[in-house]
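Just below is one structure, and these are the notes that go with it.
Where a number appears in this text, it was derived from the coordinates with a stated rule and is not lab data. Remember, it's a predicted structure, so these values are computed and weren't measured experimentally. Here the Cβ positions follow ideal geometry from the backbone for every residue, glycine too, while neighbour counts run over all protein chains shown.
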Amino acid sequence: MASRPGFFEQVNRTFDGAARHLSLPPGLLEQIKSCNAVYHVAFPLKRDDGEIEVIHGWRAHHSQHRLPVKGGIRLSDHASEDEVTALAALMTYKCALVDVPYGGAKGGIRVDKEAYSDQEVERIVRRYIFELVQRNCIGPGVDVPGPDMGVGEREISWMADTYLALSRGELGAAGAITGKPVSQGGVRGRVEATGRGVYFGLREAVAQAEDMADLGLSPGLDGKRVVIQGLGNVGFHAGKFVTADGAIVVGILEREGAIYDPKGLDVEAVRAHREGGGSILELDATERLPASESARGLEWACDILIPAALESVITEENAPRIQAKIIAEGANGPTTASAAQYLVERGILQLPDLYLNAGGVTVSYFEWVKNLSHVRFGRMEQRFKGATTKKILDAVEGLVGKPFEKSLVDSLAVGASEEDLVNSGLEETMVSAFHEIREAAHRLETDLRTAAFVVSIEKVATAYRERGIFP
Ligand code: NAD
């Protein structure tokens, strides 16, 4: 059997399919598609027992049509040059799609986090940032990393602290990395941003009555059965928000196995159980799969499948058995190019990664803006706007001659907080991008993934042309 094309090749196949809808010069398309640079670093780690181990890491700068470049760093035992290059390319298209003014980048450090102590992980991520500083591969105007798989606020804090220690008083140094805790210049709402964005995108997609009718589904999330792969940052928050809007999470797939219950699973309880060191296989469920068969849960009966863990999990092999009517890609690259094409033919609605998980980079962008402006969103106007609304309500009360309910006044006469503004900016971004790609899909008579690439490629092409590089 022919081996499956690499991840970057998969992204480029989708790119080529989209490029056929555009009449752009071949040279320009080639420039957009190419990865501008990949840095490979190898450095020694002194393990707790005194042994020396060489750690490998990469940072890919896919496109510098806008600066800085931006993309997360992942800690994973299968990180590779091909993987970071493909993910950096996806970042280029994702940022362009949602009008976040960055080029695409991605970083990876090849380690299985579970096999290292906390102190060893700290030494690894600090040294990786040191290596990026040495190569001018990080900085608020150059390259702004953020969180990705295996990297949460703890690792980001170590990274930001390392950059700060080396930055010699650079004014915007906090903007060199995003996903920081609020106490270190982070923005409220970043932790849950990607999952919240997945929810906004899904909510918008299922609100389209005619699209749902084509799938044999009713509009709205209420009562929709959801299966999630990966209950990490993206999967957990997506699960939490869709549940709050009436959906029922019936299946959860994790490293240690998968569980299914048509009555519904409580994602918060499952997460708490795992964080306490438990396995999902210990929880009540009607069906269970062991670790070696966890991925078979992708084929469980449901309306919406949210892959939110790894790439290339939906392939030509299992695509015929997928029962979901909607695949909502929380993870990057969960569907291979050929499986995606096959699923289009089967009439399954795919909300593509470059659109659906763009909430993370969108809110990272807000964090970067906050860091460069050195002021919390809402700080200047929150009280002013609250007081102005109160004056308007007082005036209207005077005119009607009847007081408003106190609870109504209290809910209206408040200005927006940082979190309100961030979530509102995220919602606006996800809703408008959805309609932009849906409109392009209708106009070009194609699927949402191809349409999303078309919209992105056009925007990157415009950026190159505006710089006078291409006719
Ligand atoms: P995470 O490390 O927080 O969570 C990943 C989860 O997947 C973990 O719970 C892990 O145990 C689980 N997992 C690992 N291997 C598995 C397997 N074989 N089967 C089932 N589950 C498995 O990572 P994350 O930040 O949630 O990222 C998940 C995906 O979302 C990645 O593809 C990442 O690139 C993408 N993404 C993340 C962000 C973000 O802001 N964190 C933004 C955009 C895209």
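Summary table
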{"quantity": "Among residues of the range 366-412, those that are closer than 30 Å to G139 by Cβ, among the aromatic types (F, W, Y) and outside any loop (DSSP other than H, G, I, E, B), counted", "calculated": "2"}
{"quantity": "Residue count for the range 337-365, restricted to those that are surrounded by fewer than 24 Cβ atoms within 10 Å (Cβ to Cβ), part of a loop (DSSP other than H, G, I, E, B) and in contact with a strand residue (DSSP E or B) (Cβ under 9 Å, 6 or more places away or on another chain)", "calculated": "1"}
{"quantity": "Test for L221: is it more than 10 Å from the ligand (Cβ to nearest atom), in a strand (DSSP E or B) and aliphatic (A, V, I, L, M)", "calculated": "no"}
{"quantity": "Some residue of the range 155-170 being within 28 Å of G230 (Cβ to Cβ) and within 13 Å of the ligand (Cβ to nearest atom)", "calculated": "yes"}
{"quantity": "Residue match in the range 426-433 (condition: within 16 Å of the ligand (Cβ to nearest atom) and either free of Cβ contacts under 8 Å to residues at least 12 places away in the same chain or β-branched (V, I, T) (or both))", "calculated": "yes"}
{"quantity": "Residue that is surrounded by the most Cβ atoms within 10 Å (Cβ to Cβ), among those in the range 280-325 that are assigned to a loop (DSSP other than H, G, I, E, B) and within 11 Å of the ligand (Cβ to nearest atom)", "calculated": "A308"}
{"quantity": "Residues of the range 37-79 that turn out to be touching a residue at least 60 places away in the same chain (Cβ under 8 Å) and outside any strand (DSSP E or B), as a count", "calculated": "7"}
{"quantity": "Subset of the range 118-159 (residues that are part of a helix (DSSP H, G or I) and of a type in the set (K, R))", "calculated": "R123, R126, R127, R154"}
{"quantity": "Residues within the range 154-192 that are free of Cβ contacts under 8 Å to residues at least 40 places away in the same chain, in contact with a Gly (Cβ under 9 Å, 6 or more places away or on another chain) and surrounded by fewer than 19 Cβ atoms within 10 Å (Cβ to Cβ), tallied", "calculated": "2"}
{"quantity": "Scope the range 17-33; condition touching a residue at least 12 places away in the same chain (Cβ under 8 Å) and either within 23 Å of the chain's Cα centre (by Cα) or part of a helix (DSSP H, G or I) (or both); matching residues", "calculated": "G17, A18, A19, G27, L28, L29, Q31, I32, K33"}
